[in-house]
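Worksheet for the structure shown next.
Only the coordinates and a few stated rules stand behind these numbers; no lab work does. Owing to the predicted nature of the structure, the values given are computational and were not obtained by experimental measurement. Here the Cβ positions follow ideal geometry from the backbone for every residue, glycine too, while neighbour counts run over all protein chains shown.
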Protein chains: 4
Amino acid sequence: MKLFTQTVGHDAPLTCYVQEPSAELATAATRPAVLVLPGGGYFMTSDREAEPVALAYLAAGFNAFVLRYAVGAESPFEKSFDDAKAALAWIRANAADLHIDPTKVAAVGFSAGGHLASSLATAAEDKPDALVAGYPVTLEEFGPPVGKELIDVPSHVSAATPPTFLFSTSDDTVVPIRNSIAFLAALAEHEVPFESHIYLLGPHGLSLSTNATANGRAEMAEASVRPWLADSVRFLQTVFGDFSVDGEAETYQTLVNRRRLGVDMPLGRLMADERAADVVRRHAPELAAAVGADAFAGVVSIRQAVSYQPGAMSDEALAALDAELTALR
Amino acid sequence: MKLFTQTVGHDAPLTCYVQEPSAELATAATRPAVLVLPGGGYFMTSDREAEPVALAYLAAGFNAFVLRYAVGAESPFEKSFDDAKAALAWIRANAADLHIDPTKVAAVGFSAGGHLASSLATAAEDKPDALVAGYPVTLEEFGPPVGKELIDVPSHVSAATPPTFLFSTSDDTVVPIRNSIAFLAALAEHEVPFESHIYLLGPHGLSLSTNATANGRAEMAEASVRPWLADSVRFLQTVFGDFSVDGEAETYQTLVNRRRLGVDMPLGRLMADERAADVVRRHAPELAAAVGADAFAGVVSIRQAVSYQPGAMSDEALAALDAELTALR
Amino acid sequence: MKLFTQTVGHDAPLTCYVQEPSAELATAATRPAVLVLPGGGYFMTSDREAEPVALAYLAAGFNAFVLRYAVGAESPFEKSFDDAKAALAWIRANAADLHIDPTKVAAVGFSAGGHLASSLATAAEDKPDALVAGYPVTLEEFGPPVGKELIDVPSHVSAATPPTFLFSTSDDTVVPIRNSIAFLAALAEHEVPFESHIYLLGPHGLSLSTNATANGRAEMAEASVRPWLADSVRFLQTVFGDFSVDGEAETYQTLVNRRRLGVDMPLGRLMADERAADVVRRHAPELAAAVGADAFAGVVSIRQAVSYQPGAMSDEALAALDAELTALR
Amino acid sequence: MKLFTQTVGHDAPLTCYVQEPSAELATAATRPAVLVLPGGGYFMTSDREAEPVALAYLAAGFNAFVLRYAVGAESPFEKSFDDAKAALAWIRANAADLHIDPTKVAAVGFSAGGHLASSLATAAEDKPDALVAGYPVTLEEFGPPVGKELIDVPSHVSAATPPTFLFSTSDDTVVPIRNSIAFLAALAEHEVPFESHIYLLGPHGLSLSTNATANGRAEMAEASVRPWLADSVRFLQTVFGDFSVDGEAETYQTLVNRRRLGVDMPLGRLMADERAADVVRRHAPELAAAVGADAFAGVVSIRQAVSYQPGAMSDEALAALDAELTALR
């Protein structure tokens, strides 16, 4: 992993957590990304919704970017918005170096950061490819109390708004739940695909809702809310597609076949049966020879060995070999 | 987070992922730690069991350290073992700088790395405080095929072995399940507290068993095995203790009380009731005054406001105020 | 369990699944209940949302009642509504015989049955104590297509509406998601505590969303939706309270203490230590004697044995005994 | 559901919970089954491990049978064993009437009932098709304390032993964990596919480990153990196969396609586009006509409508229609 900070927009620091390619993780050489926008009422950006969130998505296979956008009494909303737009643009422009797919960048924001992420997803020209909003502010009515003029998110929703995941708690006393409801209503009206989890219990500002992010307050570690993270990952994997896999998963039948003469039995075990060994030597002399030479050649089945070397044996040849071996059972 | 590499033992690189303290995460200023030992048959250390595993534990609140211990045909087991011991010693010696608790360091190893972690937990003088072993080699019979003389882990188990979490799959063809069983039998005999999950399906080397770590092979993303990670985190939190929290979680009664006159109603709402406002002004003039002055003073209840300022109001005074308010219902 | 059918309202059959008390399940002698209202567009009541749902809640500790309310072209909504009211009334009136708590009866309905359950929770005089609504119809606009005059649920929501759990899927083509949104908006406006899960994928009519209820259609077994059931159980347990438990759960410290001389060590083991045995004989001669006489007396600790016989030993006496035993370590 | 009691063996009552076929649950007309054997040290059969367990498997789609086998000081093990064998035989002999598959009958036992279930799976001539053993007694050493001569389960394991799921807790003071370990060792030696979860915390006799089955003792509701039930269901579904489903699950692409002219757009919506309506009328006049006539004909796509009526339109015709419609986008 590379960890560094890039300045974007109005000198806003963007902390970049970049998992780098490995030959052993070839299908994950290019990753989806999350741009994390912590909350804090536009007067701060909370550490509780910054690195812990980035790490959660990193662990799920994403590369992550945390933006400390402009905040404070002197800073108008537009400045924060500029920073967020600049961060998204910079991430996409540097996709190759950041080992990410520029068409799979989600904005993930909480509270005021949820407002900023939602603004990016609705009112910006260049939008993220998905939105994850945690207990977001979405209504312009929140502006005056914090001394800002805020975008009214619901009225900017359109068919161009990306797929959205929203979670919040029903009795949030800081950002009333009508902020969530109005946003969902607008998404529904414009037929934007969305997912939403509004939990019964829990105060505003839960972040991951674990002891690690609760900063000592039991109410901030409400267990019933914790699934939001895994649900949001599954949501993003559904929208973006997960890392590709090929071949077949094991089934119970795999275990059954492994215990019977055939191309699914581990080779070492197959060669221990004299008649089967003869058949293998005849059909696949190189595989047969490998078992003696290499301690681990014997643990894979013929089917597996062949799958690792495309072209080594045709499907027909494999079937014929299997037929001959199963006849010995 | 700080990310850097420290050399330990025989020039073995130890990659250090260190979450740093924040005033907003004060109860997590000192973290438990994992020393990750990737597998690879003592001839390599696999990327699939290195950083992805570190990130998974980081996301769960740990600091993480990945050791690339000595491997290869020329490298005897003792050299790898030295590296692992040196890594553990270095981590503990630098606990303060690494923001970790030196009494809460778990060794987490996979396959051959699981053997190394298990050796550290049984045969080393200074042992880790807990062990997480994924599909580990534990029997010395595995030595000759890889050209090494390996410690037989089960015969080194004693009452001094730390609490152990082990997972594997029942039909592993590379490291036979007897490696797990013999280890568990020894743990049971010596009354070492342990937890073990042996899954039905899945080949050797699953790592996190997700698409992200499967490197394109469907069988390496066996969904039924994925819970091991969260289970191991819960195991370590049980043994080490989780980050502390105080106060009370919300309950359904919290929501009910918030809707009724009393010290649990948000202050802004309480002040909107004329009779209640009079009572509050009399008992807690400063809180009453704050509501007008600060847009967010009104969202917390008197009970919450008091809990944030220990000493602001005695339990008796709070009860008296509550009685007077509830009498107005 | 008793399984029988009771006729209520306009000859509507109410199938009753009643778990009966057992001395071994004393704290569950009185259970919460669910009144299940299957969907089917008010022209049928679907088996897919009947018994499988009842069994799911039974397994979670509830008693369950499935109502086949009046349906069909000739049957006006009021007739269905009468049946539902009558079922709820009958259940509460017979609470003692049904081994349920008449203040903990939830209505659980799906689709049109969700409309009926929601009507019961908003427009009936006697309301259920909680509502679980699956992909419910809530808008009167649904009436004309099915040839009925339906209650508009959102406009009947009030502060008297019980806590509500709602789940649906965002792109339901049969009952548009605005039915859910409008209901949630009304709940929020009237400050009714609620929980809501709107999933991204899945068609109308998912029931439990398992293969068992999918009737062969893969889209009806959408895995991401399955958590609704456990979430609804947790919601109801939060609102109603779960079955009570006393005493302490095990912790890691329990295991540690069990291995050391003291009142937490199993008695049989304690008595095997000669000095400890002397102490026990002196302080608790009856417990000491029991170990020889009964094969299983030795497996519990003194603390456990005492907890089973309130009054057998004072807290002070237990502490004194523990002090004497731990001094021998 | 039918609920009745059948006498088997030495007058042992077998309570039968039989979900009956429904046209709406056609793929579940024949179900897998569980034979539940409650524990109780062979001196009782505990209610805590009887009906609650049956209900849990019923909810998961199984039919369930609870056997109150012979117990008590006067009753030799062989009598209990006879009862269990008779129950299994009776269930299979009456498979058609019980709506179960006689090749998918699992024995599920706890503690002493786990011993009985394990005996059935190892030492009986007719074995169950899978075994689920909860904190089982498996060693003959348990016999003398309960005054019986018990089968030593591990020594009866053979290749004929069915796939086995075992769970227990590592520090069980009543049935030491060596009972589990010895059984697993034998399964591994004989290459019986198995799954095993041994949890760190929790006393003997946890049943479902919920408040509902805890009978008021907090330690009997250890949350970390609860996943055993769902894991055992997944294990049995893996071994037996789950209920079949056909067709395709929804994907994010389904949602995208539903919003664009083509055969995946809901028909009502398609017909609202004049040009598309012309195309549909030309290719599929009957579907076009249905939209006006039936309020719900418009909610399904052409692809769905066709899938419900095999033969209504060839794949080629569907593709041609789709091409013509997508050309209009």
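As a check on your grasp of the helix formula, calculate [θ] at 222 nm for the protein assembly as shown: sum -39500 (n - 2.57) over DSSP H runs of n ≥ 4, divide by the residue count, round to the nearest 500.
When only DSSP H runs of four or more count, the value is -10500 deg cm²/dmol.
Which percentage, to the nearest 5, of the DSSP beta bridges contained in the protein assembly as shown is antiparallel?
35 percent
Could you calculate the FRET efficiency of C:His10 with A:Gln253 from 1/(1 + (r/R0)^6), where r is the beta carbon distance between them and R0 is 45 Å, rounded to 0.05?
Working from the Cβ atoms, E equals 0.30.
Average partner chain C-beta neighbours within 10 Å, per residue of A:173-185?
The per-residue average across the peptide is 5.
In whole Å, how far is the Cα centre of region B:1-30 from that of region D:1-38?
Centre-to-centre (Cα) distance: 58 Å.
Sequence gap of 8 or more, or different chains, plus Cα separation below 21 Å: how many lysine pairs satisfy both in chain A?
Taking chain A as the scope, the lysine pair count is 7.
For region C:214-318, what size does the Cα cloud have along each of its three principal axes, sorted from largest down, in whole Å?
Principal extents (Cα only, largest first): 69, 28, 25 Å.
Whats the longest run of chain B with zero GluC sites (Glu not before Pro) that are DSSP loop and have at most 11 other Cβ atoms within 10 Å?
B:150-329
Sorted from shortest, what are the nm distances separating the label point of B:Ala323 from equivalent points in the other copies, each placed 7 Å from Cα along Cα to C-beta?
Those separations, rounded to one decimal, come out as 3.8, 8.6, 9.3 nm.
Between copies, how far apart are the D:Arg259 label points? List them in nm, one decimal, shortest first, with each point 7 Å from Cα toward Cβ, please?
3.6, 5.1, 5.8
Determine, from the Cβ-Cβ distance of D:Glu78 and B:Ala159 and an R0 of 30 Å, the FRET efficiency 1/(1 + (r/R0)^6), rounded to the nearest 0.05. Show your work: numbers first, answer last.
On the way: r = 40 Å, r/R0 = 1.35.
That pair, D:Glu78 with B:Ala159, gives E of 0.15.
What are the DSSP H helices in chain D that stretch 18 Å or more along their long axis, judged by alpha-carbon atoms, and whose average Kyte-Doolittle hydropathy comes to at least 0.0?
Going by DSSP H runs, the hits are D:227-240.
Counting each pair of different Cα atoms once, what's the Kirkwood radius of the protein assembly as shown in Å, rounded to one decimal?
Averaging 1/r across every pair of different Cα atoms and inverting gives 33.3 Å.
Mind putting together the pair-distance distribution for region A:152-250? All Cα pairs, 10 Å bins, whole percent per bin, short to long.
Going from the shortest bin to the longest, the percentages are 14, 36, 31, 14, 4, 0.
Please rank A:Thr122, A:Thr161, fewest neighbouring Cβ atoms within 10 Å first, as an exposure proxy.
Least crowded to most crowded, the residues run A:Thr161, A:Thr122.
Consider the operator that turns chain B into chain D: which B residue has a Cβ nearest its axis, and what is that gap in Å?
B:His197, 3
Which of C:Ser170, D:Ser244, C:Ser46 comes first, and how do the rest follow, when ranked by fewest Cβ neighbours within 10 Å?
With the sparsest Cβ surroundings first, the list reads D:Ser244, C:Ser46, C:Ser170.
Label-point separation (nm) for B:Glu191 and C:Phe43, each offset 7 Å from Cα along Cα-to-Cβ?
7.1 nm
Using modelled amide H (1.01 Å from N, peptide plane; none on Pro or chain starts), what sits under 5 Å from the amide H of D:Thr169, excluding residues fewer than 5 places away?
D:Tyr199
Please work out the Cα center distance from region A:228-275 to region D:278-301, rounded to the nearest Å.
44 Å
Using only the Cα atoms, work out Rg/Rh for chain C, with Rh taken as the Kirkwood radius, to two decimals.
1.18
Using the alpha carbon gyration tensor of region C:256-311, what are the three equivalent-ellipsoid semi-axes (square root of 5 times each eigenvalue), largest first, in whole Å?
Here the semi-axes work out to 14, 13, 11 Å.
Scan around D:Val36 for amide H atoms under 5 Å from its own, H built in the peptide plane at 1.01 Å from N, and keep only partners 5 or more places away or cross-chain.
Placed amide hydrogens put D:Phe65, D:Val66, D:Leu67, D:Val108 under 5 Å from D:Val36.
Output, in nm with one decimal and in ascending order, the distances from the B:Ala289 label point to the matching label points of the other copies (7 Å from Cα along Cα-to-Cβ).
So the label point of B:Ala289 gives 7.2, 8.2, 9.4 nm to the other copies.
Counting other beta carbons within 10 Å of each residue's own, what order do B:Lys79, A:Lys148 fall into, fewest first? Present the calculation step by step, with values, prior to reporting the outcome.
Details: B:Lys79 18, A:Lys148 22.
Fewest to most other Cβ atoms nearby, the residues stand as B:Lys79, A:Lys148.
Report, for chain A, the % of DSSP beta bridges that are antiparallel, rounded to 5.
Given both bridge residues lie in chain A, the antiparallel proportion sits at roughly 30 percent.
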